[in-house]
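> Please see the structure below; I have some questions.
No value in this document is a laboratory result; all are computed from the given coordinates. Values in this document were obtained by computation on a predicted structure and should not be read as measured data. Cβ atoms come from the backbone with ideal geometry, glycine included; neighbour counts cover every protein chain shown.
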């Protein structure tokens, strides 16, 4: 019974003493509390400086800063000002009583208590300043304006365009080709298709790269990477290929337009996962030769772009040359001489327009 009474008394004493002793501890540990606040504040400033450097570097690279990082930096700025105020209020002139002859216990208690609270807040903010990532890359939207927005619809090519779109929608087809003589409009048609599938969101990502005769693998890799917001720390083609492949495999549905192919392009060298490696990756190729598409690239569905008929050729000529009242007879003869080849029609029409204006 006595032991129980002693235990109860001890608990009661503990409950009574703790609230009484706590205020005095702020006074006794006054210097320690402020030293701790300064230590925690310095740790936070060091971490903030590191984060700020990363933010500045990301901004220079055109990356977007994560919202929670920006919010954290704002909180750091606010609490830094608050800590400065607490430390300033702790100046000796503000801590005296009896005409400055001795320390003011009331102020010491208040300021020491504030220092403890701020130190806890600073320490908490310091722990929150550990980020998995500071920023993210803004993937630029491909601009199809040069051809897609100014695309001129020709009846003879409408069915070709629709058939290509159908082929790209076919789950059993992963490579589609467009072929025809040089200047016939293969690239223009490919860009039109790319713009349409992007607008209709048939693919999550659409990227365009020119292959050309020289087949500069690094340049092809870079064009695709630019669309993905991907950067290559590697210099070697093989290292860049591995990184590009890993990035492309993150996209569930992606269309890669490879323009102007002359010879077989090794997709593995570029870093393009294909077929069983990535069933969601489809290719749209353009080439002058059907042989390049069907035999060298193994394209499953190929579509020929043919010459414009007489009416279409004249419509294109009129659009490019503008009104040619004085030279209309000559203009019609020239348009016919171009043989329905868009690039020739365009070049001659522009030249004739310049002559007419002159």
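> Order the peptides 168-174, 298-304 from the highest to the lowest mean number of other Cβ atoms within 10 Å of their residues.
Working: 168-174: 13.3, 298-304: 17.7.
Top to bottom by mean Cβ count within 10 Å: 298-304, 168-174.
> In nm, to one decimal, how far is the residue 304 label point from the residue 249 one, both placed 7 Å along Cα→Cβ?
Roughly 4.0 nm, to one decimal.
> Could you give the length gained by full extension between residue 80 and residue 46, i.e. 0.36 nm per residue of separation minus their alpha carbon distance, to one decimal place?
11.0 nm
> Quick one: if the Förster radius is 56 Å, what FRET efficiency do residue 165 and residue 238 give, using the C-beta to C-beta distance and rounding to 0.05?
It comes out at approximately 0.95.
> Between residue 29 and residue 289, 0.36 nm times their residue separation minus their Cα-Cα distance comes to what?
Values: separation 260, 0.36 × 260 = 93.60 nm, distance 8.63 nm.
So the extension gain works out to 85.0 nm.
> Now a separate question. In nm, give the distance between the simple-model label positions of residue 343 and residue 218, each being 7 Å from the Cα along the Cα-to-Cβ direction.
Here the modelled spin labels are 2.7 nm apart.
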